[in-house]
Amino acid sequence: MPELPEVEVVRAGLEPAVTGSLITGVEIFDVRSLKRHSVLAGPFADLLAGHRMLAAVRRGKFLWFPLSSGRALVTHLGMSGQVLLRAPGAVEDGLLRIRLSIEHPTLGEFWVNFVDQRIFGSMAVDELVPTPDARPAGFAGATSLDPAWAALIPSQVAHIARDPLDPAFHETTFFAALNRKNTGIKRALLDQTLVSGIGNIYADEALWAAKLHFEQPTSSLGPRVARRLLAEVRLVLTKALAEGGTSFDAQYVNVNGASGYFSHSLNAYGQQGKPCPRCGHLIVRAAFMNRSSHFCPHCQKLRRPRATQ
DNA sequence: AAACTGACCTGCAAGC
DNA sequence: TGCTTGCAGGTCAGTT
């Protein structure tokens, strides 16, 4: 569920509370939320208790907290994950899977509650490895002043591409990959090894803004169109972030449980049956990759379509 | 090698 | 009211 803007809202909310905090307790209520944790690393709780979190870092939809032990706590929200900051003793959150008790040097004690309805998300303690380009591995907000962990990335996140808001995102490599690939543009936007952070909502929104059909072959995009699309991706992610992300229900909330407002700004996603804000034709929903694509059939036509036997 | 399909899960709304 | 069905913001292993 949460895409880059939603995950960034969570990261930014956690940053002040977790940076410098000592982990004093770990409670696991559902081991399925540890599916990304390798038992070879050791018991999850033992690898956390007694160590400090040094920062809150994000690349795409992955979030991690470098630890004083030299490892990192990795968090992915999956489709329905939330990380909630609570005062110790607060009323129980439903669907609570993991809880960390932490102690901040000046702000005091918190509960970090990992809540996840569908359990597609997870937490794990992972090794940190150097980034190939020696650039900062992800976005760390105000904490990143060339610290030791900046150019280190959790091993399980290393295969994920940089996101389009990352200053080290390599545009040329991305455009070259689009040229080389033999697939549709939406599939490519959702491929986190090409560009990270984009999910079903923002893929549909960016394609609507760029007037591209979701099955337009990537290899058919000229340099100008590809640039335009990337610009639209950045624009929609930035706008959504400014509005606190997209919330349809209580499933996506920030660390305090509050919703974002971007759902009011959607032009295509979930708008099937409503008029396209640009041309007035009705937005259509189509099956795509075991999910849905939403688009305007009038201003998002397939160009140079391949022969359809 | 690259492209694509299920599997993994729970809860909610809509339809009967 | 209670059942069934379809649907949901993602990733990964496995199969062609």
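The values are calculated or read from the model by the stated rules, or taken from the named source; none is laboratory data. Quick caveat, the model's predicted, so the values are computed rather than measured. Here the Cβ is made from the backbone with ideal geometry for all residues, glycine too, and neighbour counts use every protein chain on show. Quick note on the areas: whole protein, heavy atoms, side chains included, nothing else; ligands and nucleic acids left out. Shrake-Rupley method; radii C 1.70, N 1.55, O 1.52, S 1.80 Å.
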Of residues in region A:63-87 being open to solvent by 40 Å² or more (accessible area, probe 1.4 Å) and farther than 17 Å from A:GLU27 by Cα, the one nearest to DNA strand C (Cβ to nearest atom): A:MET79
Selected residue [outside the structural domain of A:PRO217 (by TED's automatic domain parsing), assigned to a loop (DSSP other than H, G, I, E, B) and polar (S, T, N, Q)] from A:GLN271, A:GLN300: A:GLN300
Only one of A:PRO16, A:PRO43, A:PRO105 that is more than 16 Å from DNA strand B (Cβ to nearest atom), on the phi < 0 side of the Ramachandran plot, open to solvent by 60 Å² or more (accessible area, probe 1.4 Å) and free of Cβ contacts under 8 Å to residues at least 12 places away in the same chain: A:PRO43
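In the set A:ALA188, A:ALA90, A:ALA168, A:ALA134, which member is buried (at least 16 other Cβ atoms within 10 Å of the Cβ) and either touching a helix residue (DSSP H, G or I) at 6+ places or on another chain (Cβ under 7 Å) or in a loop (DSSP other than H, G, I, E, B) (or both)? Explain how you work it out, then say what you get.
Values: A:ALA90 fails: buried (at least 16 other Cβ atoms within 10 Å of the Cβ); A:ALA168 fails: buried (at least 16 other Cβ atoms within 10 Å of the Cβ); A:ALA134 fails: buried (at least 16 other Cβ atoms within 10 Å of the Cβ).
Result: A:ALA188 is the single residue among A:ALA188, A:ALA90, A:ALA168, A:ALA134 that is buried (at least 16 other Cβ atoms within 10 Å of the Cβ) and either touching a helix residue (DSSP H, G or I) at 6+ places or on another chain (Cβ under 7 Å) or in a loop (DSSP other than H, G, I, E, B) (or both).
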Qualifying residue in region A:266-287 (condition: near DNA strand C (Cβ under 10 Å from one of its atoms), buried (at least 21 other Cβ atoms within 10 Å of the Cβ), on the phi > 0 side of the Ramachandran plot and touching a residue at least 12 places away in the same chain (Cβ under 8 Å)): no
A:GLU103, sole failed condition from (1) away from DNA strand C (no atom under 15 Å from the Cβ); (2) outside any strand (DSSP E or B); (3) acidic (Asp, Glu): (2)
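For region A:115-134, how many residues meet the condition of being more than 20 Å from the chain's Cα centre (by Cα) and small (Gly, Ala, Ser)?
If we filter region A:115-134 for residues that are more than 20 Å from the chain's Cα centre (by Cα), which is where we start, we get A:127, A:129-130, A:132-134.
Of the ones still in play, those that are also small (Gly, Ala, Ser) are A:134.
Number satisfying all stated conditions: 1.
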Selection status of A:GLU205, within 23 Å of A:LEU229 (Cα to Cα) and more than 16 Å from DNA strand B (Cβ to nearest atom): yes
A:GLY78 being over 17 Å from A:PRO2 (Cβ atoms) and assigned to a loop (DSSP other than H, G, I, E, B): no
In region A:235-265, the residues that are in contact (Cβ under 8 Å) with a residue 24 or more places away in the chain, assigned to a loop (DSSP other than H, G, I, E, B) and open to solvent by 70 Å² or more (accessible area, probe 1.4 Å): A:ASN256
